[in-house]
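What follows is a short report on a single structure.
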Amino acid sequence: MPGFPTGFLWGTSTSAFQVEGAATEDGRAPSIWDSFCRLKGRVDNGDTGDVACDHYHRYAEDVALMRDIGVGAYRFSISWPRVLPRGRGVVNEAGLDFYDRLIDRLLEAGIEPWACLYHWDLPQALQDLGGWANRDSAGWYADYAVLCARRFGDRVTRWATFNEFSVFTLFGYALGWGAPSVSDRGEHLKVIHHTNLAHGAGVDVLRDLVPGASIGAVHSFQPCRPADPAPENVEAAALFDELWNLCFPDAQILGHYPPRIARAIEPHVQPGDMARICRPVDWFGMNHYAPLFAQAEPGAVWGCGFGAPPEGIPRTDIGWPLQPSAFHEALMQATARYRLPIYVTENGYGTKSPEAPDAQGIIMDRERLDYLQACIHEMVRALKDGADVRGYFVWSLLDNFEWGGGYGTRFGIVHVGFETQKRTPKESAKWYSTMIGGALGRAS
């Protein structure tokens, strides 16, 4: 494989709710996802994040795994309800201490910490006050950002304000598939705007309090196509593209909402809001897995939804289209539209296969390995075509709690036996390690 630019960063990602566990330990209070997991039938097998990968207690082992793989960076999220159990007010020192230990261990291992302030786990206490549908949420988030910046900014310079705005807002407030399980267009519009306001406030906090901060936000960015050429599905895909791909980075980077959303969201925009949202950032975080196919759904909140891929496009066993060339397309689209350095903050392959070790202890996850290899090839193509890609983080380090899929869906390059918490690197982890070593050797 051709060499990468000098300084290209290789990493891996997780999120607090998906790996930490320790849901009721050391002062942590419930999040909206703790509540959602208790709703019957919402998560496969009735799974919860109560234990997850027990990363809260096993973080040192996990950092050692990353060091052995050879990654240069680890993107993790901070659990808001762990450090501020009520979402605001009284600080939980035990929660802050955990992230101190994690960050220090990462630095000792030569791994750069990348902290994400929000990966979907809003404190339930704030949801009880209206959550992201309450305009005050931008201020709550800013205060939380101040706490994290002051505590960790002496050691962490890489910060993401949010992870995948479009996913948690669509699934949580329009489709009802995620926490807090609302399906209301008006509420969804409020949440879009208020989380954009929170992002802008967070950027200002980090810029002010963290010397030399490198700040971005993480967006799910997937080419959006009509399920078929019917005019209603072409229009559905255009609207879905705005909801999924554009309404957050357009507002944050370009200073305006895309046209369909702009018309709908106008009643919620107050004078000066767009200037508060559009704050200078240093990089564009891209999470990419597959293209999206949309279709008209007259009964849905937005009149559109997910459609099936056209015949001939293969799918993974969790139903996602398998088309790595869409990754090149997404990188080129983001390059042309936003003109920022890109870090691929998630890319990975999920399966319902248990991927258990064989008699020799080997876990041959061939499909994941092939997918990662194909996507990195497409990233190299994009680099050659002018995309300014600075780093790549595989999702995920560990098999974990995969939201509505519970523990039955696995994305990790390291297998977790959830009954024993034993970690076993899969063949994809070994390949990734070798690939990183070769890439770094060629770039040096």
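Details
- Any chance Tyr99 is hydroxyl-bearing (Ser, Thr, Tyr), part of a loop (DSSP other than H, G, I, E, B), open to solvent by less than 10 Å² (accessible area, probe 1.4 Å) and under 28 Å from Ile342 (Cα atoms): no
- Single condition Asp62 does not satisfy, out of (1) more than 22 Å from the chain's Cα centre (by Cα); (2) in a helix (DSSP H, G or I): (1)
Residue by residue, here is whether (1) out of contact with any Ser or Thr (no Cβ under 9 Å at 6 or more places or on another chain); (2) modelled with pLDDT of 95 or more; (3) aromatic (Phe, Trp, Tyr) holds:
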residue	(1), (2), (3)
Glu346	no, yes, no
Ser353	yes, yes, no
Arg366	no, yes, no
Leu372	no, yes, no
Cys375	yes, yes, no
Val380	yes, yes, no
Phe411	no, yes, yes
Pro425	no, yes, no
Ser428	yes, yes, no
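- Any hit, segment 70-92, residues being hydrophobic (A, V, I, L, M, F, W, C), open to solvent by 60 Å² or more (accessible area, probe 1.4 Å) and not in a loop (DSSP other than H, G, I, E, B): no
- Note on segment 26-59: residues that are at positive phi and under 19 Å from the mean Cα position of the chain (by Cα) amount to 1.
- A count restricted to segment 384-405 and to residues that are of a type in the set (Asp, Glu) and surrounded by 23 or more Cβ atoms within 10 Å (Cβ to Cβ) stands at 1.
- Taken over segment 381-402, the criterion of being hydrophobic (A, V, I, L, M, F, W, C), farther than 16 Å from Tyr289 by Cα and within 17 Å of the chain's Cα centre (by Cα) is satisfied by Leu398, Phe401.
- Within segment 106-127, residues that are at negative phi sit with their Cβ atoms under 7 Å from residues that are surrounded by fewer than 21 Cβ atoms within 10 Å (Cβ to Cβ) and of a type in the set (Ser, Thr, Tyr), at 6+ positions apart or across chains, in these pairs: Gln124/Ser35.
- Against the criterion of being part of a strand (DSSP E or B) and either in contact with a helix residue (DSSP H, G or I) (Cβ under 9 Å, 6 or more places away or on another chain) or open to solvent by 50 Å² or more (accessible area, probe 1.4 Å) (or both), Tyr349 does not qualify.
- Counted as qualifying within segment 157-236 are the strands (runs of 3 or more DSSP E) with 1 or more residues that are open to solvent by 10 Å² or more (accessible area, probe 1.4 Å) and farther than 24 Å from Phe293 by Cβ, namely 158-163, 214-220.
- When Ser433 is tested against the conditions (1) open to solvent by less than 30 Å² (accessible area, probe 1.4 Å); (2) touching a residue at least 60 places away in the same chain (Cβ under 8 Å), the lone failure is (1).
- Scanning segment 406-430 for residues that are polar (S, T, N, Q) and open to solvent by 30 Å² or more (accessible area, probe 1.4 Å) yields a single hit, Thr420.
- Residue list for segment 121-155, restricted to those being surrounded by fewer than 22 Cβ atoms within 10 Å (Cβ to Cβ), of a type in the set (D, E, K, R) and in a loop (DSSP other than H, G, I, E, B): Asp128, Arg135, Asp136, Asp154, Arg155
- Residues of segment 22-45 classified as in contact (Cβ under 8 Å) with a residue 40 or more places away in the chain and not in a loop (DSSP other than H, G, I, E, B), total: 8
- Pairs where the first residue, in segment 169-180, is closer than 14 Å to His193 by Cβ and without any contact (Cβ under 8 Å) to a residue 60 or more places away in the chain and the second is assigned to a helix (DSSP H, G or I) and among the aromatic types (Phe, Trp, Tyr), C-beta under 8 Å, 6+ apart: Thr169/Trp132; Tyr173/Trp132
The values are calculated or read from the model by the stated rules, or taken from the named source; none is laboratory data. Only a predicted model underlies this, so the values are computations on that prediction, with no experimental measurement involved. Positions of Cβ are generated from backbone atoms using ideal geometry, with glycine treated the same way; all protein chains shown enter the neighbour counts. The accessibility values were calculated without ligands, DNA or RNA, using every heavy atom of the protein model including side chains. Shrake-Rupley method; radii C 1.70, N 1.55, O 1.52, S 1.80 Å.
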